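First up is the structure itself, then whatever we jot down about it.
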Amino acid sequence: MKEKRLIQFRKELSMSQEEFAKVLGISRSLLAKIETGNRMPSYRFMKAIKKRFPEANIDDLFFK
């Protein structure tokens, strides 16, 4: 599942949902919805991850 990759990425950074959401400029509840698959990640969301975490592979996180 794609959602689990995002959770795994966040946990590898040793960040809580609250911390990760704050860094990305979104609410914790929106992040939780994306992580559980209840909401699709927007282009803006993916762009924010890439900007803040350049090492992140967006394809691996969301498309494979």
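Bear in mind these aren't lab numbers, they're just calculated from the coordinates by the rules spelled out. Computed from a predicted model, the values in this text were never measured in an experiment. Note that we place each Cβ from the backbone using ideal geometry, even for glycine, and neighbour counts take in every protein chain shown.
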* To do: Rank-order 20-31, 53-64 by packing density, defined as the average count of other C-beta atoms within 10 Å over each peptide's residues, highest first.
  => 20-31, 53-64
* **3J(HN,Hα) from dihedral phi, segment 44-57, Karplus parametrisation 6.51/-1.76/1.60, rounded to Hz, x for glycine, proline** => 4, 4, 5, 5, 5, 4, 5, 5, 7, 10, x, 6, 5, 9
* Structure fact -> A correct Karplus calculation of ³J(HN,Hα) over segment 14-26, with 6.51 cos²θ - 1.76 cosθ + 1.60, θ = phi - 60°, whole Hz and x for Gly and Pro, returns 6, 10, 6, 4, 4, 5, 4, 4, 4, 4, 8, x, 10
* Asked: Taking the Cα atoms of the chain alone, what are Rg (to one decimal) and Dmax (as a whole number) in Å?
  -> 10.3, 26
* Which one of 15, 30, 62 has its Cα pushed farthest toward the positive end of the charge dipole of the chain, where Lys and Arg give +1 and Asp and Glu give -1 at the Cβ? -> 30
